[in-house]
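**Q** Sharing a structure, written as structure tokens. Questions coming.
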Amino acid sequence: MPRIAFKMKLNPGMKEEYRKRHQQIWPELRQLLLSRGISNYSIFLDEETNILFAVQNVRGGENSQDLSAEPIVQKWWAYMADIMETNVDQSPVSVGLEEVFRLEE
């Protein structure tokens, strides 16, 4: 299954709030992601830079950043906008990353 990676940026001092909000991810958002073929989604934080590194498996060509037309995604973005860098539409500023190495079984 293909996977993609991207980075975002957390506002300083928001690590615990970001963690809390994701531990309580809304069931309807979780279901949407899974129904669109997005799985094994992890987000890591580099505390020195506040850069969030996300990786997810994708099936069907869409990733989590492609779901902007979905009302639940827009609601989530608005919910998260106060703790991370966002675009005018409240989507997280995200930059796709190129895979340069992969070790598989």
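**Q** Only four residue types carry charge here, +1 at the Cβ of Lys and Arg and -1 at the Cβ of Asp and Glu. Report the dipole size of the chain about the Cα centre in Debye, rounded to the nearest 20.
**A** Details: 12 positive and 16 negative charges, 59 e Å.
For this selection, approximately 280 debye.
**Q** Rolling a 1.4 angstrom probe over the protein heavy atoms, how many square angstrom per residue are accessible across the chain? Intermediate results must be reported in sequence, preceding the final value.
**A** Values: 6930 Å² over 105 residues.
Using a 1.4 Å probe on heavy atoms only, each residue of the chain averages 66 Å².
**Q** If you don't mind, another one. If you take the charge dipole of the chain about its Cα centre, with +1 on Lys and Arg Cβ and -1 on Asp and Glu Cβ, which of Tyr41, Ile25, Ile51 is farthest toward its positive end?
**A** The listed residue farthest towards the positive side: Ile25.
**Q** Same structure, new question: So, by mean Cβ neighbours within 10 angstrom, what's the order for 4-14, 47-57 with the highest one leading? Working shown, then result.
**A** Details: 4-14: 16.4, 47-57: 14.5.
Peptide ranking by packing, descending: 4-14, 47-57.
**Q** Let me ask something else. Starting from the Cα of Glu85, step 7 Å along the direction of its Cβ; do the same at Thr49; then give the gap between the two resulting points in nm.
**A** Here the answer is 1.0 nm between the modelled labels.
**Q** Looking only at Gln24, Gln90, Gln65, which one moves most when the chain is put into a Gaussian network model with springs between Cα atoms under 10 Å?
**A** Of Gln24, Gln90, Gln65, the most mobile in the Gaussian network model is Gln24.
**Q** Of [x] 16.6, 58; [y] 13.6, 42; [z] 39.1, 113, which one was derived for Rg and Dmax of the Cα atoms in Å from the structure shown?
**A** [y]
**Q** Non-local amide H neighbours of Lys9 (under 5 Å, H modeled in plane, Pro and chain starts lacking H): which ones?
**A** Counting only residues 5 or more places away or on other chains, the set is Leu52, Glu85, Val93.
The values are calculated or read from the model by the stated rules, or taken from the named source; none is laboratory data. Small disclaimer: the values here were computed from a predicted structure and weren't measured. We place every Cβ from the backbone using ideal geometry, glycine too, and count neighbours over all the protein chains shown. Ligands, DNA and RNA are stripped out before the accessible areas are found, and what is left, the full protein with its side chains, is counted by its heavy atoms. Shrake-Rupley method; radii C 1.70, N 1.55, O 1.52, S 1.80 Å.
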